[in-house]
Amino acid sequence: MVGIVIVSHSGKIAGGIKDLIEQLTQGRVRVEVAAGAVDGSLGTDATAITAAIQRADTGEGVAVLMDLGSAVLSAETALDLLPLEARKRALLCDAPLVEGAVAAGVEASLGSDLAAVRQAAEMSRSLTKLGG
Amino acid sequence: MPTELRLVVKSELGLHARPAAAFVQAAARFSARVEVHNLTTGKGPASARSLLALLSLGVRQGHEVRLVAEGEQESEAVLALAELLGGKDAELEKGLDQFQGAGA
C-alpha cells in the first residue's frame, strides 16, 4: 500500500491530519509526519522529511503532502537526500494539505498505485466547498 | 444495461468526509463502475471511488441522488451504496431483478 507523508511547519497540523486520515481509513494506511524545525520551533527539516519518507515506504511508494513555502523546498531537498531506489518511489503532491492528504489517504486505502494516489490528491485543487 | 437507482438521502450527514470515505471504500469492493449524480443540485456524475469527486457533489440529507452501476455485480454494488445513504426505501427504476421479484 502507498504510504503518506505529511510535511508541515507545525506538528499539531501534521498530527491532526494524520489522525483524520487514520480515522477515515481505519488505520489501514501508513501515515508519517515530518513537522517542525530541528529545534522544535515552527519550520521544516529536510532530513526529518527524508526519514519520514523512508518510514512510510513499504515498497509501493510514498505520496508527500506539504503545507506552505519552505515546506515545499524542504520536501524537494528531502527527495534529493533519498537513496536512488527510494527516490523513484516518492512523489510530491501539488495540492492543498488537508484536502489533498485526506484524498490521498483514502485512495491509498483502496490499494491504488502511487500515480493514482497523487492524482486523487491533486484533484483537490479544484474542489469547491460552498456549492459554487 | 447498467443498473440504476434513484433515492432520497436519509443519512443526516449526507455525503461528507467520513460517510464519503466509507462510501468510497464500499464502492472499491466491487469491480462494477459506479457513478453518482446529485439530482437535487444537478451535479455529477462523480465516480463512487473518488472521495473528492463525491464531496464536490455536495450531497446533503434530503437530496435526491442517482446511482448508476455498470459491470460485474452492479446491482449488489448499487444496493450496498444505497444502504450507506440510508436509502432503504429506495425506489428501484430498472434492472434489479431480484428486487422486482421480491417486491411483487
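Only the coordinates and a few stated rules stand behind these numbers; no lab work does. As the structure is a computational prediction, the values presented were derived from the model and not from experiment. No Cβ is skipped: glycine too gets one built from the backbone with ideal geometry, and neighbour counts run over all protein chains shown.
Of the beta bridges DSSP finds with both residues in the protein assembly as shown, what % are antiparallel, to the nearest 5? Spell out each step's value before the answer.
Values: 18 of 32 bridges.
Percentage antiparallel, nearest 5: 55.
Determine the calculated [θ] at 222 nm for the protein assembly as shown from helices alone, applying -39500 (n - 2.57) to every DSSP H run no shorter than 4 residues and normalising by the residue count; nearest 500 deg cm²/dmol.
Here the helix-only value at 222 nm equals -12000 deg cm²/dmol.
Using alpha-carbon pairs under 8 Å, 6+ residues apart, how would you state the relative contact order of chain A in percent?
That works out to 28 percent.
Please grab the % of Cα pairs in segment B:3-97 that end up more than 23 Å from each other.
Here the tail beyond 23 Å accounts for 9 percent of pairs.
Among A:K88/B:K43; B:K10/B:K43; A:K12/B:K10; A:K12/B:K43, which pairs are too far apart, with a Cα-Cα distance over 26 Å? Can you show the working numbers first?
Details: A:K88/B:K43 38 Å; B:K10/B:K43 18 Å; A:K12/B:K10 35 Å; A:K12/B:K43 35 Å.
Listed pairs above 26 Å: A:K88/B:K43; A:K12/B:K10; A:K12/B:K43.
Please report, ordered by residue number, every helix of chain A (full DSSP H runs) that is 24 Å or longer along its axis going by C-alpha atoms and whose mean Kyte-Doolittle hydropathy reaches 1.0.
None clear 24 Å together with a mean of 1.0.
What do you get for Rg/Rh over segment A:11-132 if you use C-alpha atoms and the Kirkwood form of Rh?
Dividing the radius of gyration by the Kirkwood radius yields 0.95.
Taking the Cβ-Cβ separation of A:S70 and B:R29 as r and a Förster radius of 35 Å, what is the calculated FRET efficiency to the nearest 0.05?
0.25
In what sequence do A:L73, A:L79 fall when counting other Cβ within 10 Å, fewest first?
A:L73, A:L79
Which value, in debye to the nearest 20, describes the size of the charge dipole of segment A:3-126 about its Cα centre when Lys and Arg Cβ atoms bear +1, Asp and Glu Cβ atoms bear -1, and nothing else is charged?
Details: 10 positive and 16 negative charges, 33 e Å.
In total the dipole reaches around 160 debye.
State the extension gain, in nm to one decimal, for the chain segment bounded by A:Q26 and A:E60, taking 0.36 nm per residue of separation less the distance between their alpha-carbons.
In short, 10.3 nm is gained.
For peptide A:102-112, what's the mean number of Cβ atoms from other chains within 10 Å of each residue's Cβ?
Numbers: counts 6, 7, 1, 2, 13, 6, 0, 5, 8, 1, 2.
What the average comes to for A:102-112 is 5.
How would you rank A:R30, B:R18, going from fewest to most other Cβ atoms within 10 Å of each one's own Cβ?
B:R18, A:R30
Suppose every Lys and Arg Cβ carries +1 and every Asp and Glu Cβ carries -1, with no other charges. What dipole size does segment B:1-86 come out with about its Cα centre, to the nearest 20 debye?
That gives a dipole near 320 debye.
For A:T128 and A:S10, what is the calculated FRET efficiency with R₀ set at 25 Å and r taken between the beta-carbons, to the nearest 0.05?
Given R0 = 25 Å and the Cβ-Cβ separation, E is 0.45.
Along Cα→Cβ, 7 Å out, is where each label goes; now give me the distance between the ones at B:T41 and B:E12 in nm to one decimal.
Those two pseudo-labels are separated by 2.1 nm.
Averaging the inverse of every distinct alpha carbon separation and then flipping it gives the Kirkwood radius. What is it for the protein assembly as shown, in angstrom units?
18.6 Å
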